[in-house]
Amino acid sequence: MDRAVSEPATDRPARVVTDALGVAALALLAYLVLGQSTVYGDGFNFLLGSRGVVYHHPSHPCYLPLAAALRALALPLSLTHYEGTLLLSQLGTAVGVGLGVAALRLAGLGRVDAWIAAVWIAMTPAVAFFATVVEVHGAFYAFAGAAWLATVALLRRPTAARAVIVGLSSAAASLVHASGVILPAPLLALTLAARWPGAERSTRWRLVRLTLLAGATHGGSYALGVFTVRKLGVEADPQVAAGFVSNMASLIPRDVTRYAQVAWEEWLWPFALLSIAWVPALLQPVWRARAFGMLAATTVYVLAAAIVLGLGPERGAYLLPLAWPAAWLAVAGLPRPLALLGLAASAVLAVQAIRAHDAPEVPAEFAAGVREIAGSRPPFLLIGELSDIEACFVGLPDVTYLFLIETALLVHAAQPAGWAALDGHLQGLHTRGHALLLTHSANARLRSPQLQREFPGSGVVLRQLEQAYRFEPVAARGFVGLELVPR
């Protein structure tokens with residue numbers, strides 16, 4: 001008997017649960033150690049949105065409520081706002097890895113091989129990267145992991161109830177991140193590929209009916225979920241989410257080389273070496289059908305990514321669910337020593353990718369400089385770059401700030417009342433003893449002729465500030481800027 005299917009998980013369910021918890025705990029520990037202090041991509045918007053700044057992202061309606069709930073539960077840990085939000089990525093991915101090992105055991109992998117596959121998933125560069133930054137994909141991974149576990153359960157025993165659970169779990173994932181709307185396609189393709197060969201006609205028709213049932217459940221429960229979160233006051237728009245599938249025809253690449261580029265940027269390199277380690281399974285009769293299902297799933301995701309990612313690479317974010325079946329086939333199809341070597345190589349690449357990205361633009365001493373200049377006074381920062389926001393969230397969690405470029409737009413739209421409101425706010429802060437500090441980047445941006453052409457309000461704000469306040473140069477450690485003192 002093949003070593004990969006020699007120890008059925010159904011014999012020892014308690015051990016499967018123990019394995020899942022153990023792998024999740026180890027993954028969480030690794031992600032806590034590797035947690036980044038550099039914000040990535042939409043992380044800026046999610047952080048600002050979680051602090052009450054108006055931020056519209058209706059295609060991922062459940063992410064911010066999940067982050068708020070976890071921060072509330074983690075209050076006894078005295079985490080900063082940034083750390084609490086980052087914890088959702090770390091914990092969500094760890095849970096996804098834990099559910100993955102349970103699915104792998106249920107799929108028939110022996111205990112040792114399931115652990116190897118799970119650790120390989122956890123330390124695949126793309127998975128580890130999104131576990132260590134503030135982004136929605138880490139939270140999504142837990143829900144996608146539940147959908148993967150439900151799919152494997154359907155694969156082992158195809159029933160209507162299990163098909164419904166696949167649809168429900170993938171719909172839940174879609175409410176966390178809109179890419180979940182395409183999740184049933186590759187999951188059910190793998191199920192059909194695993195069960196179709198050699199099956200009787202009646203069994204095949206049953207598989208088709210169950211696949212349709214899972215898809216219908218997914219669509220119906222997703223629509224119900226959107227309706228529910230709207231009633232709860234959470235912004236959600238299913239049409240925006242559906243754009244991942246049907247509303248982006250104008251972005252379909254006409255150049256076939258674009259698909260090859262996406263395959264490299266979003267799959268082959270971010271998931272190295274897992275992205276190719278499953279291919280030998282194509283040569284083995286016992287795994288060939290599943291491997292062709294994996295090939296179909298990869299093709300679906302690469303095509304979808306080529307359409308969605310019109311604005312640039314995303315480090316494999318949209319292909320994260322493929323790590324589970326890829327690891328399953330890689331460990332099943334490779335000799336164990338080669339699988340361990342592949343795991344080790346992936347882990348090295350993951351750590352390198354995290355370290356290369358985790359390099360904040362603002363020096364670590366920025367926070368210490370702000371506190372030194374302010375002394376016993378509470379500081380209030382006027383900032384102008386995303387890197388300043390990052391420095392505030394990571395190093396100055398208790399310090400309030402104003403993003404001047406956004407403020408300039410509001411002031412320009414509401415003159416003269418807009419400036420009066422801003423000046424009254426700053427004067428009130430100064431009266432209450434705050435140190436009003438303008439960062440070097442904010443000052444430079446306000447004086448930029450290009451910015452003043454793009455945002456006319458920036459020139460208005462600069463002139464009004466110079467008339468109402470003295471700009472006194474200050475510098476300490478990593479902070480360079482100006483202190484605003486009322487004239």
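The values are calculated or read from the model by the stated rules, or taken from the named source; none is laboratory data. Predicted, not measured: the structure shown is a model, and the values here were computed from it. Virtual Cβ from ideal backbone geometry, glycine too; neighbours counted across all protein chains shown.
General remarks:
- Candidate set from the stretch 138-191 (those that are touching a helix residue (DSSP H, G or I) at 6+ places or on another chain (Cβ under 7 Å) and not in a helix (DSSP H, G or I)); member that is nearest to L207 (Cα to Cα): P158
- Residue that is farthest from the chain's Cα centre (by Cα) [pool: residues in the stretch 279-310 that are part of a loop (DSSP other than H, G, I, E, B) and within 20 Å of I182 (Cβ to Cβ)]: G310
- Any chance A4 is modelled with pLDDT of 80 or more and among the aliphatic types (A, V, I, L, M): no
- Checking the stated criteria, S376 turns out not to satisfy the condition of being outside any loop (DSSP other than H, G, I, E, B) and either among the hydroxyl-bearing types (S, T, Y) or touching a residue at least 40 places away in the same chain (Cβ under 8 Å) (or both).
- Hey, W115 touching a residue at least 24 places away in the same chain (Cβ under 8 Å), hydrophobic (A, V, I, L, M, F, W, C) and surrounded by fewer than 24 Cβ atoms within 10 Å (Cβ to Cβ) or not: yes
- Tabulated pairs, the stretch 8-21, first within 14 Å of V152 (Cβ to Cβ), second modelled with pLDDT of 75 or more and aliphatic (A, V, I, L, M), C-beta under 6 angstrom, 6+ apart or interchain: A9/V16; A9/L106; V16/A102; A20/V101; A20/A102
- Residue within the stretch 101-117 that is under 23 Å from the mean Cα position of the chain (by Cα) and among the aromatic types (F, W, Y) present: no
- In the stretch 97-112 there is no residue that is outside any helix (DSSP H, G or I), in contact (Cβ under 8 Å) with a residue 40 or more places away in the chain and either within 13 Å of L343 (Cβ to Cβ) or among the charged types (D, E, K, R) (or both).
- Residue in the stretch 404-425 that is at pLDDT 85 or above, aromatic (F, W, Y), surrounded by 14 or more Cβ atoms within 10 Å (Cβ to Cβ) and more than 30 Å from A272 (Cβ to Cβ) present: no
- Here the stretch 440-473 is the region considered, the condition is being touching a Gly at 6+ places or on another chain (Cβ under 6 Å) and in contact (Cβ under 8 Å) with a residue 24 or more places away in the chain, and the residue that is farthest from E372 (Cα to Cα) is R445.
- Only listed residue being within 26 Å of the chain's Cα centre (by Cα), over 30 Å from L295 (Cβ atoms) and exposed (fewer than 15 other Cβ atoms within 10 Å of the Cβ), chosen from A344, A359, A391: A359
- Flag for F130 being in contact with a His (Cβ under 7 Å, 6 or more places away or on another chain), buried (at least 23 other Cβ atoms within 10 Å of the Cβ), of a type outside the set (A, V, I, L, M) and modelled with pLDDT of 95 or more: yes
- Qualifying positions in the stretch 445-472 - closer than 21 Å to E361 by Cβ and exposed (fewer than 13 other Cβ atoms within 10 Å of the Cβ): R447, Q450
- Which listed residue is surrounded by fewer than 17 Cβ atoms within 10 Å (Cβ to Cβ), in a helix (DSSP H, G or I) and modelled with pLDDT under 75, from Q239, Q261: Q239
- Residue match in the stretch 204-222 (condition: at pLDDT below 70, exposed (fewer than 14 other Cβ atoms within 10 Å of the Cβ) and of a type outside the set (D, E)): no
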